[in-house]
Structure formats: structure tokens, C-alpha cells
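Encoded as C-alpha cells, the structure appears first; notes follow it.
No value in this document is a laboratory result; all are computed from the given coordinates. Keep in mind it's a predicted model, so treat the numbers as computed, not measured. Backbone-built Cβ (ideal geometry, glycine too); neighbour counts: all protein chains shown.
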Amino acid sequence: MQAIGLHGVDWAIILFYFAFIIGLGFYLKKYTKSEDDFFLAGRRNSSWVAGLAFLSANLGALELLGMTGNTFKYGMFVAHFYWIGAVPAMLFLGIFMMPFYYSGRIKSVPGYLKLRFDEKTRVLNGFSFALMTLLVSGINLYAMALVLHTFVGWNWDVSMWASAITVAVYVTLSGLMSAIFTEIIQFFLIWFGLFLVSILGIVEIGSLSEIMHRVPEAFSKLWSTSGDPTQNGMMVTWGGIVLGLGFVLSFGYWTTDFLVVQRAFSAKNLRSARMTPIIASFFKMAVPFIVIIAGLLALVLSKDPNSGFALMTDAGKTNYDSALPMLIARYFPRGLVGLGITALLAGFMAGQAGNISAFNTVWTYDIYHSVINRKASPKHLLWMGRVATVAGIIISVATAYWAKSMPTIMDYMQAIFSWVNAPLFATMLLGMFVKWITPNGAFWGLIAGMGSSFAMYLAVKFQWISTSLITFSKVASDMAANFWRAWWAWLICFVVTIVVSLFTKKKPDEELVGLVKGLTRETALEKPVWYKRPAFYAVLSLVIFVLLNIYFW
Amino acid sequence: MATNVKKMKPIWFFVGVILQVMGGLIFGISLYDWIAGVESRTVLANLHPGVWWGGLMSLAGFVFELKNINASIE
């Protein structure tokens, strides 16, 4: 059964979007002459452009559908992913880490590892990031086709190939610049296309407080039920939320994942680069006004027998991801339906473009130029970036078909994230703030962190060990286990890096200038008037973050 | 930048174009449905959300376009 029917005007809106972004790719190609233009968008973006792209690279359609469905299952606890699971890390990146990233004029996160540590650490991270990015890209492509097939009734192959070819065309033409342009367009389409669901839902129910009043009490609280895992739907304690999600997973993703950090590298100067994640943090805090309200709304409506609202079911099992599409079908007349579907499509395709543009950069600089062809000219690297784009899309499509034939690989998605990002955050933190950390310490710390994360995942999945050994509680959801596994992987990487560094040769101080705290000239940091300083906006963001947590405590 | 002699329009201009065209389409069809009395089975259809939301989108797009029609970036 499909949820949403399309009219001619809906098709016109969807086709206009496809034509528009391909046209944009051709327009931007005129301005893509050098490798810097292709891989770093010419380093000409303002903090607003880079900031909205930074946020949008993460704001995919799968996340919107999944988090709305999770809110239906877990309630307000899902807001932790947007607040404590994002904001502190984004502010930390902008205030403390960005000067080290940006001052080195590096082109990628593995590029920083090369300067701070050595080539082998860079290649290890380059390969693991490239592998993770292509897997995620392919699985997202599969999920997109599945969503469009389920909710709109589109042919699986046609929707996958149409979006893959469109992304391949515009990213090949103009690289990161076109990826960033489409991410910003996606940002506006998502807000205009989906926020109306929340508005109409509030109008139907009466008020936001009435929605909160009608859901179970534990579903409307953020922290007050986190002391006892049996009292909240996510079955997680505040310790798991703070250490696993708020610290390791969040900092690991937002401060080291090249997919998002690349947007800050495209900023025109250091101040704009520092402002990039800080501006994004304000909008990140606002996303729950789409997903949380929609999820709670779906819950309230489904409990009311007179509403006529129900989630879709697949073979008797509730499809939680259908919450948002079912609300679109409930409220949106023709025209608006086209906008809602286009918003989801834009989310999918911009996410795909983000993955591919990050992959082509890491492949070209950190694998091809570093390992295969060290003498490549800038013109050759630009060519290689375009080849990597097409190859990346083809591998993504192949991965999507693989996922289709073996849907269980979807279960490995979370494992992939904590496998790469959680240990890398320990490496980055020590690398940027402790000057005696050595190249061998970083390399073996990363190996230990990545290996232990993967081993813990397999041990729990195949029941070689009890989950409670990792989570410190007798009950725990898969999500709680993910939080805790990330924490342990981070800790193992952190400890091994320190221990190995104590016994191995460190780099001379003069090679670390600009890369490590204490060896960076403070004069390099700009000091504008107080109300233009990134720190001022970071404090403002932090105040809003604290108020939101207190209000929904 | 020496390689980019011709100046590029900022992204905000293109945001304006896409919002105006999509908003205009939604506003137009929703207004037609309202005037022609086309029946809609959606909840709150009596509020004609397509008319005011499409209108708002179109207006926002127009403002983005107007502010950036002559703007360019290096």
C-alpha cells in the first residue's frame, strides 16, 4: 500500500527541482577551474553559506523519517540527538579545533593527521573514511529507493538510478560548490516542505502544550526519567546519554567526520570557518520543531480512535518511518504534496552529494596522491576528482543492490559510525591539545580503538558476551549499546595512544607549529570587536541549549 | 581569484528562484482549487494551507531574489 498519491502539479514541482539542480551544476562549472574550486569550493564561502551546508550535510531525509519514527517510539528522548548530541560538539569544533584545522590550509581531515602525525595514520584514516562513506552512501541510496517505493509507489530501480545519475552529473561538473549549493536549497525546501506539518498538527490538536499533555509523561520529558533505564523508552541512563551520545558519538561525528567538516574548510577565512559550526548549532537546535513535534503528533493521533490516523504496517509490523509520510498525506493537498516529496528527495540527494564530494577529496588527496601517484599535477588531480565522483556513484549503486539482496547490512550502519569516528575523536583531541603524543601512539591507538569497537559489536551481536557488561545495566536497547560501545572504543584509543606515546619518538616542536595548542601563535587568531567574535555567538548558542534542556527537563 | 574573472551569483539568488517558482505553483493551484470549489479530502483543507503557505514561499523567494539580483561573489 502506498501512502501518498501525486497529481500533475506535484510532478511539475518534482521535475522542476531535478532540472534546476542539474542547471545549477552547469552554471557552476564555469567557475570550477582549479582543484581548489572543485575540492574546496574555491575557499570563498561566507560563514552563513558554509554553516547552513554544514548542518544540511547531516540533515538527510533518512534522518528526518527515522527520527520522527523514533520520537513515536521513544518520545522527547530523541531530542538528545539534536541538543546534547550535537550542540556542545559543534561549539567545541568552532572555538577550539577549527584554528588547528584551518590554519594548516589542509584539504581534508586525514590531511591534518599527516601533518600532525605521519603518512601511515593519514592513509589508515583515509581508507577507513572512504570505505565508510561509500557504504553509507550506498545504503542511503537503497533506503531512498525503498522509501519512495513504499510511500509514493515509485519503481525501485528508476528512482535509484534517476537520483544517482543526477547527483553524478552535478558533482562531476562542479564538485563541492554544487554539493554546497544543493545542500542550502535542501535546507530551505525541508523547512518550507515539512515544518508546515507541525504547524497544521498544532492547529488540529489545539496547542503544543495539549500535544504534550496527551502523550505519556515519560514521552514528554528529556532528563527526569533518565535515572532509571526501565522508566524511559530508550532504556538508557543519563550516563549513556552524556558519555556515549553527548561526548564520544557527538564529538566523534561533528568534529572529525570530513563530510561535515569539509564545509567549514570551504569558508573564506578563519573567522568564517569558526563561525560555520556555531551558526549551524542554532539551526540544529530548531530541527526538533519538525521531527519531535511530528513524531509526538503522530503518537497523539494514533491513540485517538476518532482521528482515522494510523502508521503503515509491513507484514503485521509497525513501520515507524511512515509517521512523517502519513502526516504529509493527512494534511497536504496537491501542490504541497509535491513540495513535501521534493523536500525528502532533496534531503536524499544532497546527502548523496555530500558523501560523494567528501569521498572524492579523500580518495584524490589522501589515497591517490599520497600512495599511488605522488607526482600528480594539480590539473591531473582535478581530473582524478571527477573520475572518483563517477566511480564513487557506481560503487554506491552496487552497494545499494547489495543492500537490497541482503537487508541485514542495514543493521551494521551504527557499527560503522562508531567504528571510525569514536576512536578518531580521541586521536584528534590528543593530537591537537597534547604536544608529546607521537605518530606511533596515534596509529596504534586508532588501530586499537577501531578494532575494539568492531570486536564489541560482534561479541554482543553473536552473544559471546552479555550487553550488560558494556552498558552497566540489566536492560538496554540497541541504541544504548551503541552509546556505550562508542564510549569504550574512545577510551581504549585514548589510553593506548597515551601509553604508546610514552615509549615512542615524538615529532620535533618546530614541525607542530600551528597544529597543536601551545605551539600556535595566538596572533594568528583574529580579534574583532566582542559582538563579532565566534565566542560570543557560541555562548549565546550554549545559553539557548541550556534553556531548552531545563524547559523540557 | 584570478581564475574566476566573471563573477558568480550568490546561492541566495538561486534559493529565491526555486522558492518563488515552487511557491507560485502551489499558490496558483491551491487558489484555483479554492475558487473552483475542488473538494480536498485532507484534514484542515478548509484552511486552504496551500494558498497561504505557497504565497509565503513565493514572497520569501521574491525577497531573496530582490536582495541578490545585482549581487555577485568573487
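A few notes on this one:
- C-alpha center-to-center spacing [chain B, the stretch A:367-405] in angstrom: 36 Å
- Three principal axis extents describe the C-alpha atoms of the stretch A:1-98; from largest down they are 50, 49, 18 Å.
- With all pairs of different C-alpha atoms in the average, the Kirkwood value for the hydrodynamic radius of the protein assembly as shown is 25.0 Å.
- At 0.890 mPa s and 25 °C, Stokes D of chain B from Kirkwood alpha-carbon radius, µm² per second: 176 µm²/s
- Shape category assigned to the stretch A:166-297 from the gyration tensor of Cα positions, a/c cut at 1.5: oblate
- Three-way shape call for the stretch A:481-553 based on the alpha-carbon gyration tensor, with the a/c threshold at 1.5: oblate
- Residue by residue along A:176-187, Cβ atoms of other protein chains within 10 Å of the local Cβ number 2 on average.
- Cross-link pairs A:107/A:404; A:29/A:107; A:29/A:375 - those with Cα-Cα distance over 31 Å: A:107/A:404
- Under 29 Å of direct C-alpha separation, and excluding same-chain neighbours fewer than eight residues apart, residue A:303 reaches these lysines: A:73, A:221, A:317.
- The alpha-carbon of residue B:9 sits under 20 angstrom from the alpha-carbons of these aspartates and glutamates, leaving out residues fewer than 8 places away in its chain: A:36, A:37, A:183, B:65, B:74.
- Surrounding net charge for residue A:97, when Lys and Arg each add one and Asp and Glu each subtract one, Cβ distance under 13 Å: +2
- Remark: mean inter-chain Cβ contacts per residue of B:41-49 equal 6, using a 10 Å Cβ-Cβ cutoff to other protein chain atoms.
- Three-way shape call for the stretch A:211-366 based on the alpha-carbon gyration tensor, with the a/c threshold at 1.5: oblate
- The spacing between the stretch A:213-227 and the stretch A:119-172, judged by their C-alpha centroids, is 36 Å.
- For chain A, hydrophobic long helices are taken as DSSP H runs at least 24 Å long by C-alpha position along their axis with mean Kyte-Doolittle hydropathy of 1.6 or more; these are A:8-29, A:156-205, A:534-551.
- Other residues lying with their Cβ under 14 Å from the Cβ of residue A:429 contribute a combined charge of +3, Lys and Arg counting +1, Asp and Glu -1.
- Taking label positions 7 Å along the Cα-Cβ direction at both residue B:7 and residue A:210, the computed distance is 5.2 nm, reported to one decimal.
- Relative intensity, log₁₀ I(q)/I(0), of the stretch A:39-162 from a Debye sum that treats every alpha carbon as a point, q = 0.11, 0.18, 0.22 Å⁻¹: -0.59, -1.23, -1.32
- Here the spin labels are modelled as points 7 Å beyond Cα on the Cα-Cβ line, and at residue B:67 and residue A:120 they lie 5.3 nm apart.
- Modelled FRET efficiency - R0 41 Å, residue B:56 with residue A:527, Cβ distances, 0.05 increments: 0.50
- Estimated distance in nm for a label pair at residue B:47 and residue A:18, the labels positioned 7 Å out from Cα along Cα-to-Cβ: 3.3 nm
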